[in-house]
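The structure appears below as structure tokens.
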Amino acid sequence: MEPYARKPKRVEMKPVMGVTLDWMLECAVVVSWTDLLQSEKSGLIHVDYCFSPKGSVDSLKLWLSTTRGHWHLACEYSTTMSTHPRSVVCFEQGYESAELARNLELIMRHQDAFQPALNQGRHGLLQVCVPTQQEIETASAAIAAAHLQVNSMATQLTA
């Protein structure tokens, strides 16, 4: 049996105070910056996300720009339009990041672990600029902590 053939149990977690879904999405982008922009030294990434009727984020798209005014779709994630048993990150041609895919999957599947994104009745949009080394380190620590929290809860459920 393939490791992803079984549908994983849903892990219910209490939101960590001060850790927002927006912040975690930004962290996922920051730690994958070099994968996404490859050899480019500068650029911007927009994370455009949509809310479900229940208030959770059900889809998102990452747009990259290395030239002012020119945006390219890098990847998208959707919980509602997936033909797979569980949602996956779909990268456009020329873009790939296993780390981003793994992190987005964790964040989107466990949104209840974070303070919710502010739903103002329209799409949400995050703009991420070229991160500093300190921002990369901080984002890496936040992502690692999120993985530990989810793994800890999953271990408790199976014990």
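Here is how the numbers come out for the structure above:
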read-out	value
Nearest-0.05 FRET efficiency for Glu96 and His147, computed from C-beta distance (R0 22 Å)	0.60
Under Karplus coefficients 6.51, -1.76 and 1.60, residue-wise ³J(HN,Hα) of region 65-78 in Hz, glycine/proline x	9, 10, 10, 3, x, 10, 10, 10, 5, 9, 6, 9, 9, 9
Trypsin sites (Lys or Arg not before Pro) within region 101-131: DSSP coil, no more than 16 neighbouring Cβ in 10 Å	Arg122
Region 21-147: translational diffusion in µm²/s, Stokes-Einstein, Kirkwood Rh over Cα pairs, 4 °C, 1.567 mPa s	87
For Val130, residues with placed amide H under 5 Å, excluding near neighbours	Gly43
Amide H contacts of Phe114 (H built 1.01 Å from N, under 5 Å, at least 5 apart or other chain)	Val16
Built amide H within the under 5 Å cut-off of Val88, gap 5+	Ser78
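FYI, it's all coordinate maths here, none of it is from the lab. These figures come from a predicted structure and were not determined experimentally. Virtual Cβ from ideal backbone geometry, glycine too; neighbours counted across all protein chains shown.
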